[in-house]
Amino acid sequence: MEHTPPRKVEHQQTDRGYVPVYATGVVEQPWDSYSATDHEVWNTLYARQCKLLPGRACQEFLDGLARFGMGEKGIPKFSELNEVLTAATGWQIVAVEGLLPDEVFFDHLANRRFPVSWWIRKPDQLDYLSEPDLFHDLFGHVPLLLNPVFADYMQAYGRGGMKAFGIGPEALMNLTRLYWYTVEFGLIDTPDGLRIYGAGIVSSKGESIYCLDSEAPNRIGFDLERVMNTRYRIDSYQQTYFVIDSFEQLFEATTPDFTPIYARLAARPPHAAGDVLDTSDRVFNYGTREGWATNADT
Ligand code: PHE
Ligand code: CO
């Protein structure tokens, strides 16, 4: 990689422990400071998802997971995963405190670095927490970075993010929706049926079942501008999942310059999270809307 290693600035006591802080916001994974409980939380979540995901997650995700050899052996060491990852696709994991400012996040992706929160949730948060932790970031996102097409998509997204950041907040919102409905909550159509590839789903027991088995949500064929113009929920399972045919389709659909798309979308009101467009959507499942809240889309 061409970037210089992060420069250590100081040590800082945080509410999650004592960690080195670097100028770039990248830290060293404080592996020795994980407690027995932290490792237990990893093992429990890992075992639970591994039991659930065969037949639900796409093969590319399951293959990636197997290739890393993560397991019920406690929290993995990023340095060991990076040996596999960098050799395969040139990506690397970097440890961070948590959610990053948009432009910092985009810069990481554009340089094939995936930021992973170094801390893991507490035992009473196994089913849900409101911010991404190590389990979500690592288990959810990193296995697919071994897939060459998806790995390239993520880098292209980072570059696109820098550009959208320069265009303005509305463009950024459109691009964020694309991330949400693909990288976080995407489904993929396969000869064996619909499968999960989104990190927000594979890292959640409840949503791994709900997104495929429930009749309540819409499942709709991926269409770039449709997705970029659709609001989403951060407080509940998704009302709509978008289904890609392949990672190649996703990569190719997102290759053109988005500048004219941002301009077009600026003139159109966004769709609500649960809308179905009767004349244009390719509908896999028309949601029954059972249990939906109707306000507070993002
Ligand atoms: N082609 C997009 C642009 O011009 C960049 C991009 C690629 C965005 C892949 C998202 C995903 O802005
Ligand atoms: Co995520």
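Couple of notes before you dig in:
- In the condition set (1) more than 19 Å from Phe150 (Cβ to Cβ); (2) free of Cβ contacts under 8 Å to residues at least 24 places away in the same chain, Asn43 is compliant with all but (2).
- Taking first residues from region 46-67 that are of a type in the set (Ser, Thr, Tyr) and partners that are surrounded by fewer than 20 Cβ atoms within 10 Å (Cβ to Cβ), the Cβ contacts under 8 Å between residues at least 6 apart in sequence or on separate chains come to Tyr46/Gly71; Tyr46/Glu72.
- Taken as a whole, the condition of being in contact with a Leu (Cβ under 9 Å, 6 or more places away or on another chain), among the hydroxyl-bearing types (Ser, Thr, Tyr) and more than 22 Å from Ser208 (Cβ to Cβ) applies to Thr254.
- Restricting region 144-169 to residues that are of a type in the set (Gly, Ala, Ser) and touching a Phe, Trp or Tyr at 6+ places or on another chain (Cβ under 9 Å) leaves a set whose member that is surrounded by the fewest Cβ atoms within 10 Å (Cβ to Cβ) is Gly168.
- Wholly enclosed helices (runs of 4 or more DSSP H) of region 167-270 bearing at least 2 residues over 14 Å from the mean Cα position of the chain (by Cα) and away from ligand 2 (no atom under 16 Å from the Cβ): 169-179, 205-213, 224-228, 247-253, 259-266
- When Tyr210 is tested against the conditions (1) over 24 Å from Gln249 (Cβ atoms); (2) in contact with a helix residue (DSSP H, G or I) (Cβ under 6 Å, 6 or more places away or on another chain), the lone failure is (2).
- Number of positions in region 99-136 that are part of a loop (DSSP other than H, G, I, E, B) and out of contact with any Lys or Arg (no Cβ under 7 Å at 6 or more places or on another chain): 14
Only the coordinates and a few stated rules stand behind these numbers; no lab work does. In this text the structure is predicted, and so the values were computed from the model without any measurement. Methodologically, a virtual Cβ is constructed for each residue, glycine included, from the backbone with ideal geometry; neighbour enumeration extends over all protein chains shown.
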